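Since the structure comes first, as structure tokens, the remarks are kept for the end.
Bear in mind these aren't lab numbers, they're just calculated from the coordinates by the rules spelled out. On a predicted model such as this, the values are computed, not experimentally measured, just so you know. No Cβ is skipped: glycine too gets one built from the backbone with ideal geometry, and neighbour counts run over all protein chains shown.
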Amino acid sequence: MSYLTLIWAGLFRRRTRTLLTFVSIAVAFLLFGLLRSIAAAFSVGVDVAGVDRLVVQPKYSIVDGLPVSHLDRIRALPGVAMATHYSWFGGFYQDRKNFFPKFPVVPAEWFAAYPELRIDPAQLEAFEQARTGVVVPQQLADKYGWKIGDKIPIEADIWPKKDGSRIWEFDLVGIYRAPTSGFGLNAFLMNYDYFDEARQFNKGQVGSFVVRVADPSKAPEIARSIDATFENSSNETRTATEAEVARQFANQIGDIGLMMGGILGAVFFTIVLLTGNTMAQAFRERIPELAVLKTLGFSDVAVSLVVLGEAVVLCAVAGAFGLGVSAVLAPGVGRAVKDILPGFALAWQTLAAGLAIAVLLGLVVGAVPAATARRLRIVDALREH
Amino acid sequence: MHCGSTDLLNQIREITWMNLRNVPSRVGASSVIVVGIAGVVAVLVSILAMATGFRTALESTGSPNRAIVLRGGSGGELSSGVGQESADIVAQMDGVAAASDELYAIADVPKRSNGTPANLVVRGVEQNAFVVRPELHIVAGRNFEPGKGELIAGKRAVAEFTGIDLGANVRFRDSDWKVVGVFEANGDANESEVWADVKVLQAAFRRGNLISTMRLQLTDPAVLSTIAERIANDPRLDLQIRSEQDFYGDQSKQLTAIITGFGYLVGVIMAIGAIFAALNTMYSAVSARTVEIATLRAIGFGVAPVLVSVLIEALILALLGGALGAVLSYLVFNGMTISTLNRGAFSQVAFDFAVTPKLMTQGLTWAMALGFVGGLFPALRAARLPITVALRGE
């Protein structure tokens, strides 16, 4: 009890300095929260990807396309539980800036391949029945204010219709829930049958296949057997787990993310270094005070604990404050960068790690002064200052 | 006491000089300001240099005398397709000095940096591609021979992608290719591509005689609008024409804006931290010199010289930090090449950090502003110290 009072009194001895130090530390941890969230954005999809899902892409480039007839041969392979396909529609809603993925899919198969997506069975049925029907994730419906029954025009950039027009009009028949924001889990979904019939060229070509395997531990073997099936055909494939595909895509942005992480890491350590220096300086000014405490009968250990306690309390409170501010800012930053870093999010693990580092920082910057305080001889301390 | 302006300046000079001579004895505390501000400036300048480099690489690809023809509605070369008949009509229009038919394809090739496949642009071209882009020249090997499975590779494509080496064989889609030459093009986006004969590429990628886009050399930039009008009014054509500068400017806009915004966000947050560190240091400096300042005041030095001298000390330390940060950023990053996915083209583009004099000046301006704020309040406190209390104080 009395120690806490002492710590408190020590911190408020120089209000201005404590406040200034507090803010510097808070700023460092605010940056920590944001930079960890950026790093997390580069591993997005890797953590959430289904372990039992494989993605089959064209061997030489994902833009090439594969014949839909591959599907029957994939399904016939041992260990394959189910398989379906999707394609990249491109296009945009109202303005080129309104970017979200749009996939032509086979409705029932898509939702079977991604059981984590939740849709009302009646709406799924409506999706299967309506040729021009589409279903969208909740967040997309919220963003554009769409309701079931709305007509949604999409202007195509890759796929003009047979009659030469570029406007595809869809009817919204369902809204589904996606648990996370991983790639492909938040797509605008349309009927492949309608898409294939109405498009001008490349009939029977799809983008990629999604394969669920019965036993996830056999996924690598099954991936190899799929690629072997199409080897030396005119449409060779490259099969990888969903996590691997997500990682590869993140690596395409690669260098910039790495660079940002590096720069920000340097920033964090600079600020921490500065703060440590300031706190050590503050301690030196207070040596006579500590001598007085010892004169009053406080033990060596007690005095050093008070010094250490001050550093830890200041760092922990300031760190928690900085992390709190980053948690408040994160949603806004996430919205600003969502097109390029869709996975930007502040995870609770980041906050917990930040808090742990803050306490550790307090221990580190407090350790030397605490040790000095412990060894302090009253006479010397009082004489020197 | 009467104080002439010469007196005032003399006083300021005296006190400032005395303060600065004291700095070495407070080196630990003073370095807090220098290091803190150096950090802010180095980070700000480096991130902005990344944005500047990216924009420069894309913008320098465009020339005011060139235009690109795409299919109506398509947002980039990848989603575009132009039929041979349409291409012939456009090539005959008035104001077109030369027309180059080009096929834009993507191949997955592992990056040297991390070994994962990334999108490399494979551009199929005919002789006119070199006519419309006079800035492009072969620096090693030779040009490809028409009709053969030969490639020439941009300098940056060689640097970024595994196996793209002069003399090497590369496999794309159904065919084998030999790299016979390396080209340069002022460091622009073309240098991140590999080029081959358009007819051979059409066959290998099974595109029939479809091309992706046309590049037009215009007789004058002003004819662009006339050609755009003729294309819009021709019922046989479903095409759009854009100036190259517009086209590449649009591609760089989004990423440039994001990196720049990010740079300022981090810069401002760090600046707040650095200001508080500077305030801390300068307040300590003032409080350590309480008696000294009061003595100066007692023997007749004015308020203004004391205030100005503290401010000057902060500004000099800040400028030192700013210069250190700017130079550090220049030494570490200027000219460093990195590559990223250019979303507009769905392909990798490599570019150099550009730590320009303008950015360095901007960094120094920030440093001065931080030093001013960090010095002002402690300076005011120093000026307001009541002489008697201060002298008795310690």
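Data table
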| read-out | value |
| --- | --- |
| Two-decimal log10 I(q)/I(0) for chain A, as the Debye equation yields it once each C-alpha is a single scatterer, q = 0.09, 0.13 Å⁻¹ | -0.68, -1.03 |
| Across A:Lys203/B:Lys199; A:Lys97/B:Lys111; A:Lys161/B:Lys111; A:Lys162/A:Lys218; A:Lys161/B:Lys155, pairs whose alpha-carbon gap is larger than 32 Å | A:Lys161/B:Lys111; A:Lys162/A:Lys218; A:Lys161/B:Lys155 |
| Net charge over other residues, Cβ less than 15 angstrom from the Cβ of A:Arg166 (K, R count +1; D, E count -1) | 0 |
| Peptide-level mean, for A:158-169, of C-beta atoms on other protein chains within 10 Å | 2 |
| Longest to shortest principal axis, alpha-carbon extents of chain B, angstrom | 95, 46, 30 |
| Candidates A:Gly261, A:Gly297, A:Gly204, ranked by Gaussian network fluctuation over chain A, Cα under 10 Å, top entry | A:Gly297 |
| Options A:Phe103, A:Gly90, A:Leu189, ranked by Cα towards positive dipole end of region A:53-252, top entry (Cβ charges) | A:Gly90 |
| Nearest-20 debye value, the protein assembly as shown charge dipole, Cβ charges on Lys, Arg, Asp, Glu | 2960 debye |
| Footprinting exposure proxy for B:Tyr104, A:Tyr93 (fewest neighbouring C-beta atoms within 10 Å first) | A:Tyr93, B:Tyr104 |
| Computed Kirkwood radius, in angstrom, where 1/r is averaged over Cα pairs of region B:15-80 | 17.0 Å |
| The protein assembly as shown: radius of gyration over Cα atoms, expressed as a fraction of 2.2 N^0.38 Å | 1.19 |
| Region B:81-149 and region B:260-320: distance between their alpha carbon centers, rounded to Å | 59 Å |
| Net charge over other residues, Cβ less than 12 angstrom from the Cβ of A:Ile74 (K, R count +1; D, E count -1) | +1 |
| On Cα atoms only, tilt of B:303-333 relative to the major axis of chain B in degrees | 30 degrees |
| Folded to 0 to 90 degrees: helix B:357-384 orientation relative to chain B principal axis, Cα | 20 degrees |
| Value of Rg/Rh across region A:53-252 [Cα atoms, Kirkwood radius] | 0.96 |
| Exercise: per-residue mean of other protein chain Cβ atoms within 10 Å, B:29-39 | 3 |
| Approximate shape of region B:66-219 as ellipsoid semi-axes (Cα gyration tensor, √5λ), whole Å, largest first | 25, 17, 14 |
| Charge tally in the Cβ shell below 12 Å around B:Arg215, where Lys, Arg are +1 and Asp, Glu are -1, B:Arg215 excluded | -1 |
| Chain B, relative contact order [Cα under 8 Å, separation at least 6], % | 29 percent |
| Of A:Arg118, A:Arg284, A:Arg199, the one that fluctuates the most in a GNM where chain A has Cα springs shorter than 10 Å | A:Arg284 |
| Helix axis angle, A:300-336 relative to chain A longest principal axis, alpha carbon, degrees | 30 degrees |
| Residue-wise HN-Hα coupling along region B:45-55, computed from phi with Karplus coefficients 6.51, -1.76, 1.60 (Hz; x: Gly, Pro) | 4, 5, 5, 5, 5, 5, 4, 4, x, 5, 5 |
| Total charge dipole magnitude, chain B, about the Cα centre, Cβ charges on Lys, Arg, Asp, Glu only, Debye to nearest 20 | 1480 debye |
| Exposure proxy ranking, count of Cβ atoms within 10 Å, fewest first, for B:Asp238, A:Asp163 | A:Asp163, B:Asp238 |
